[in-house]
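To keep things clear, I will list the structure first and then write my remarks on it.
The values are calculated or read from the model by the stated rules, or taken from the named source; none is laboratory data. Note that this is a predicted model, so its numbers are computed, not measured. All Cβ positions, glycine included, derive from the backbone under ideal geometry; neighbour counts span all protein chains shown. Keep in mind that these areas ignore ligands, DNA and RNA; they rest on the heavy atoms of the full protein, side chains included. Shrake-Rupley method; radii C 1.70, N 1.55, O 1.52, S 1.80 Å.
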Amino acid sequence: MKQRYTTHSTFQIERIYRAAPERVFAAWSDRSAKARWFQPADEFDFRIGGRELSRGGPPGGPVYTFEAYYQEIVPNERLVYTYSLDQGEIRISVSIATIEFMPTSDGVKLIFTEQGTFFDGYDTPEQREHGTKEMLDLLAKSLGESNAATFELVSRRKFGAPRNLVYRAWTEPELLAQWWGPNGFTNTFHTFDLRPGGFWEFTMHSPDGADFPNRNVFLEVGPESIVLRHESRPHFILTFTFEDVDGGTEITFKQTFETEEEYNKLKPICEEANEQNLDRLGSLLNRL
């Protein structure tokens, strides 16, 4: 029987995220939010003693199984879990990870510490640290970007669908109505005149039954970008761009407010709402 040698190692990575502690913590604790930057979970039981299980890997490559058990959960402050990583039927590492969330003037300082046992020939501490850095970069992307100087919120998402299909989902009202808005919201469209100067008027219905009239005017319409002005309160400009990337489409969703007051008031709400909007678009594209 071939001898399996082991390496024991600890590494630590720090990141600054320009988002509220509650939102960064939710990116780890909410199943749908975590699926934006980590492989979707087959099981997700977020509690002390709970299990998370997921399987995935590169196209055409090996399948990796991630199995974690939560040891400590302090909301918005600290998360500790033990986990194993298997490649096919072979266990390649066993680790304990500690994630600390520390408020800063700009958002959150995240400290990721991993203590692991890595089996030689299958995994190394250097490979794991590099992969973790890439993972935390994806986490940053899933949180979106904010720019207080220009009153802007920006979300980016890549979909494995051609640009013409993604563009259809934005420009055909019967498709747009199915995904527009945060989770649980529905829409009734009244006017959809897709041309520069044309109006888009609709009523958005919240899960609790409240109605929100919306009136927009299209400023630019084209296969690479759509720009509209939200004329109902609050006022803002929405800019959507569509770019061909590696056989799929990358969306950039930019929301620019008129005033600093409205930006500061709505940023905590709109950051997550915009990401949920793109989650719903992704679900529609999968169905199509």
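Structure above, values below:
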quantity	calculated
Degrees separating the helix 125-143 axis from the principal Cα axis of the chain, which is the longest one	20
Helix axis angle, 260-287 relative to the chain longest principal axis, alpha carbon, degrees	80
Label point distance in nm, E145-D193, each placed 7 Å from Cα along Cα→Cβ	3.4
Using a Förster distance of 22 Å, the FRET efficiency for L53-Q115 (Cβ separation, nearest 0.05)	0.55
At most 16 other Cβ within 10 Å, DSSP loop - GluC sites (Glu not before Pro), the range 59-161	E77, E89
Cβ-Cβ FRET estimate between K158 and M204, R0 fixed at 25 Å, reported to 0.05	0.40
Diffusion constant of the range 56-190 at 37 °C, which comes from Stokes-Einstein with the Kirkwood Cα-pair radius and 0.692 mPa s, µm²/s	174
In order through the range 160-170: 3J(HN,Hα) via Karplus (6.51 cos²θ - 1.76 cosθ + 1.60), integer Hz, x for Gly, Pro	x, 9, x, 4, 5, 6, 5, 5, 4, 5, 8
1.4 Å probe accessible area per residue over the range 90-243, in Å²	47
Rounded, prolate or oblate (a/c below 1.5 giving rounded, otherwise prolate when a/b exceeds b/c) for the range 131-288 by Cα gyration tensor	rounded
Surface share of carbon and sulfur [accessible, 1.4 angstrom probe, percent] for the chain	51
Quarter of the Cα convex hull surface for the range 234-288, i.e. its orientation-mean projected area (nm²)	4.5
Length-normalised contact order for the chain - Cα pairs under 8 Å, 6+ apart - percent	15
Matching label, mean projected area of the Cα convex hull in nm² computed from the structure shown, candidates [x] 17.0; [y] 18.1; [z] 15.3	[x]
